[in-house]
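The values are calculated or read from the model by the stated rules, or taken from the named source; none is laboratory data. Model, not experiment: these values are computed from the prediction. Cβ placement follows ideal geometry from the backbone for every residue including glycine, while neighbour counts extend to all protein chains displayed. Accessible surface is based on the protein model in full, side chains and every heavy atom, while ligands, DNA and RNA are left aside. Shrake-Rupley method; radii C 1.70, N 1.55, O 1.52, S 1.80 Å.
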Amino acid sequence: MSGRHTGPVALCYGTRPQTIKAAVIRRELSAEGPVVALDSGQHYDYELNALLYQQLGVEPPDSFLEVGSGSHAVQTAAMLVRFEELLRSNDARAAVVIGDTNSTLAACLAAAKLRIPVVHVEAGLRASDALMAEEINRRVVDAVASLLCAPSRRSAAQLERESPAGRIIATGDVAHDVLREQLPRVPPAASLLSPGSQPHYAYVTLHRAELTEEPQRLSAIIDQLGKLPVAAVFPMHPRTRASLERAGFPAGSRGTLTITPPVGYHESLSLAREAGVVITDSGGLQREAYWLGVPCLTLRAETEWRETIELGANTLLPPEQATRELHRTCERLLHSLPAPWDRTAYGDGHAGRRIAEAVTRLISSAA
Ligand code: UD1
């Protein structure tokens, strides 16, 4: 069904989880018409970027903006300028943005100011902290986008309360598409773990500002992770490492905890699939654990993925309680029964196709 519009559609992204979802979205968009892939370079380390292109078997982006890290203002401003140049020079007919990062915000603003319709993938998620960086980004993008692709019934209902009719489409979650497609290619976890870690181990990822901005508490939580009743493996995000090192805390393995450099998407899925418990603050891993049937302990006071809590797949533990309660909560989850929960809260794993078809309708209606 190729060539349903003459586009081009600009697919804009830049962080690890976006690069993963962009792989599926790009393929589906390409079946409908021309696509230009614009990677902001917000993530540039090998494990956070180039390795993902290899694992997911996608072509490199058409443009890599090399924006890198900086304060929110510096990073977002640099991306805004570069996205504007590229949206203009490519004569983009629509811009597809994903999630809630600074790359999402910058691409959305650049496109909207050029009067290029914006399509927001992962629209309608909300947290109560309106000033959290990601919350600011997603609310602004949802207010400006022409088409809002909701990953769940709850997010679609949220958007219906906020937005005029006709902009919202319930697509399901692209992360489910990727997981479904990639799972058969995922290696066994044994090669990634120290001997004797299995069968029950904890897979840990922590990187969000709520934790990294309090390095003393972060360090205390990591100490607790080294005292869990099972082995734990923690591929550490560079931001987490930088936060600990800047404050003079150790960022190395201790006790039962092994800290490694960041891992690729396949390795992460493998570690999650075989874990006894996932301990995380990442939205992506909360859903992956849910789909894989592994109990998840989320070190946050709330989650945008509330269905995982309601279905009993996910447990919240606010960071300030984590040092006291991590051990007990983790033990309870490790001994919980195998996952009986319903796994359809975020669609059927064909979100990319629905998004691409909706983009075609949007372009055709604007022509
Ligand atoms: C960003 C998103 C966050 C998302 C996460 C996924 C924003 C505001 N935050 O957070 O919502 O969950 O991506 O991973 O956009 N760094 C490196 N190498 C890299 C990238 C970053 O070392 O390739 C380090 C730098 O010290 C940098 C820090 O990590 O300052 C933070 O990076 P940044 O891109 O600002 O945000 P993330 O924490 O990755």
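Observations on the model:
- Structural descriptor for the chain: relative contact order 16 percent, calculated from alpha carbon pairs under 8 angstrom and at least 6 residues apart.
- Accessible surface, per residue, of the chain when the full set of protein chains is kept, probe 1.4 Å, Å²: 41 Å²
- Amide H partners (placed H, <5 Å) of GLU302, local residues excluded: none
- Nearest-20 debye value, the stretch 26-119 charge dipole, Cβ charges on Lys, Arg, Asp, Glu: 360 debye
- By accessible area with a 1.4 Å probe, ligands and nucleic acids excluded, highest first: order of ARG328, ARG115, ARG353: ARG115, ARG328, ARG353
- The chain, helix-only ellipticity at 222 nm - DSSP H runs n ≥ 4, -39,500 (n - 2.57), divided by all residues, nearest 500: -13500 deg cm²/dmol
- Dipole magnitude of the stretch 233-312 about its Cα centre (Cβ charges: Lys, Arg +1; Asp, Glu -1), debye to nearest 20: 320 debye
- Amide H contacts of LEU11: VAL36, ALA37, LEU38, VAL96, each under 5 Å away and 5 or more positions distant or on a separate chain (H built 1.01 Å from N in the peptide plane; Pro and chain starts excluded).
- Alpha carbon centroid spacing (whole Å) that separates the stretch 109-168 from the stretch 236-277: 32 Å
- Contact order for the stretch 1-121, expressed relative to its length and based on alpha carbon pairs under 8 Å spaced 6+ residues apart, stands at 29 percent.
- Inter-label distance, ALA209 to ASP62: 3.2 nm, where each label sits 7 Å from its Cα along the C-beta direction.
- Placing dummy labels 7 Å off each Cα toward the beta-carbon, the span from ALA165 to ALA190 is 5.8 nm.
- HIS200 - accessible surface, heavy atoms, 1.4 Å probe, Å² rounded to 10: 100 Å²
- The calculated pair-distance distribution of the stretch 196-304 uses every alpha carbon pair, bins of 10 angstrom beginning at 0, and gives 15, 50, 32, 3 percent.
- For the stretch 351-367, 3J(HN,Hα) per residue [Karplus equation, 6.51 cos²θ - 1.76 cosθ + 1.60, θ = phi - 60°, Hz, x = Gly/Pro]: 5, x, 4, 5, 5, 4, 5, 5, 5, 4, 4, 4, 5, 5, 6, 7, 6
- A simple spin-label model places pseudo-atoms 7 Å from Cα toward Cβ; at GLU181 and ALA242 they are separated by 3.1 nm.
- Residues listed by number, the stretch 314-337, amide nitrogen under 17 Å from MET132 label point at 7 Å toward C-beta: 314-322
- Our estimate of slack between HIS72 and GLN216, defined as 0.36 nm per intervening residue step minus the Cα-Cα distance, is 49.5 nm.
- Across the stretch 227-241, coupling constants 3J(HN,Hα) worked out from phi with the 6.51/-1.76/1.60 Karplus curve, θ = phi - 60°, read 10, 5, x, 10, 5, 10, 10, 9, x, 8, 4, x, 5, 5, 4 Hz, and Gly and Pro carry x.
- Residues in the stretch 23-50 that a label on SER364 would reach, taking backbone N under 19 Å of a point 7 Å out along Cα→Cβ: 28-35
- From phi via Karplus (6.51, -1.76, 1.60), per-residue ³J(HN,Hα) for the stretch 248-263 in Hz, x at Gly/Pro: x, 9, x, 10, x, 4, 7, x, 8, 9, 10, 9, 10, x, x, 10
- Net length gained if the chain between ASP348 and THR6 were fully extended (0.36 nm per residue, minus Cα distance): 120.3 nm
- When a 1.4 Å probe is rolled over the protein heavy atoms, the share of accessible surface on the chain that falls to carbon and sulfur comes to 53 percent.
- Distant-in-sequence amide H partners of THR260 (H built 1.01 Å from N, under 5 Å): PHE234, MET236
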